[in-house]
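S.K.: Below is the structure I would like to discuss, written out as structure tokens.
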Amino acid sequence: MPEVIVRKTIVSVEDIFHEGGPVSQKPHRRGAIAAVIHNPYAGRYVEEITPFIEDLKPLGLKMAQDLIAAMGAKPSQIEGYGKGAIVGSGGELEHGALWHAPGGYSMREVVENSKAIVASTKKVGAVGSRLDVPVTHANASYVRSHFDSIEVGINDAPRADEMLVILVMTTGSRIHSRSGGMLASEIKGEDGLK
């Protein structure tokens, strides 16, 4: 199995107090963590790539734990999450799909009340590419107030033989959420949807 070689990681945390409306006493906190890793399959077609999923699991768990710590939050305070990957130009989109299980299950392992599927996106991109990583409520995908995205990118990644693997989390709904739909207080928590 290929070894996971990390070139670097970045963490970003932002607090949003308002978006033109009333200033909130409690800001909406959003965070992202990204790791630039070597893509062991870059530059060639490899039929059996799934063993790399197992290799990525420890990285996913560490990233999830590190992001919660960077956000200064407890696992119970995380309400939204998402994941993504940018594959360098020497790779293929399917290499980014290898991040689905390690990225998603790692967050579901550390975030309390996380029954919802982890929203995801991926693409092949050049150095400096950015990705809008989708966010949904961690316990119920239909909670409209938590639909969001966090733009993530690094100026010198991914190189052709690299991948940028990403996790994002939030501590609540959008700051001035008022678009209707199911409220977080109405979650039944039975199926990850409602």
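S.K.: Kindly indicate whether any position in segment 118-131 is out of contact with any helix residue (DSSP H, G or I) (no Cβ under 8 Å at 6 or more places or on another chain), surrounded by 16 or more Cβ atoms within 10 Å (Cβ to Cβ) and either among the charged types (D, E, K, R) or touching a residue at least 60 places away in the same chain (Cβ under 8 Å) (or both).
M.R.: No, because not a single residue in segment 118-131 is out of contact with any helix residue (DSSP H, G or I) (no Cβ under 8 Å at 6 or more places or on another chain), surrounded by 16 or more Cβ atoms within 10 Å (Cβ to Cβ) and either among the charged types (D, E, K, R) or touching a residue at least 60 places away in the same chain (Cβ under 8 Å) (or both).
S.K.: Hey, another quick one. If you check Gly60 against the conditions, is it buried (at least 21 other Cβ atoms within 10 Å of the Cβ), touching a residue at least 24 places away in the same chain (Cβ under 8 Å) and more than 12 Å from the chain's Cα centre (by Cα)? Let's see the steps before the verdict.
M.R.: Working: buried (at least 21 other Cβ atoms within 10 Å of the Cβ): yes; touching a residue at least 24 places away in the same chain (Cβ under 8 Å): yes; more than 12 Å from the chain's Cα centre (by Cα): no.
Against the criterion (buried (at least 21 other Cβ atoms within 10 Å of the Cβ), touching a residue at least 24 places away in the same chain (Cβ under 8 Å) and more than 12 Å from the chain's Cα centre (by Cα)), Gly60 does not qualify.
S.K.: Another one. Going by the conditions given, is Ser89 polar (S, T, N, Q), assigned to a loop (DSSP other than H, G, I, E, B) and more than 17 Å from the chain's Cα centre (by Cα)? Please lay out each step first, then the result.
M.R.: Numbers: polar (S, T, N, Q): yes; assigned to a loop (DSSP other than H, G, I, E, B): yes; more than 17 Å from the chain's Cα centre (by Cα): yes.
For Ser89, the condition - polar (S, T, N, Q), assigned to a loop (DSSP other than H, G, I, E, B) and more than 17 Å from the chain's Cα centre (by Cα) - is met.
S.K.: Moving on. Given the residues Pro27, Pro22, which is the only one that is more than 23 Å from Tyr105 (Cα to Cα) and in contact with a Phe, Trp or Tyr (Cβ under 8 Å, 6 or more places away or on another chain)? Spell out the reasoning first.
M.R.: On the way: Pro22 fails: in contact with a Phe, Trp or Tyr (Cβ under 8 Å, 6 or more places away or on another chain).
The match here is Pro27.
S.K.: Name the one entry in Glu112, Glu94 that is surrounded by fewer than 21 Cβ atoms within 10 Å (Cβ to Cβ) and either part of a helix (DSSP H, G or I) or touching a Cys at 6+ places or on another chain (Cβ under 7 Å) (or both). Can you show your working first?
M.R.: Working: Glu112 fails: either part of a helix (DSSP H, G or I) or touching a Cys at 6+ places or on another chain (Cβ under 7 Å) (or both).
The match here is Glu94.
Values in this text are rule-based calculations from the coordinates and carry no lab data. Source: prediction; values computed, not measured. So basically every Cβ, Gly included, is an ideal-geometry build from the backbone, and we count neighbours across all protein chains shown.
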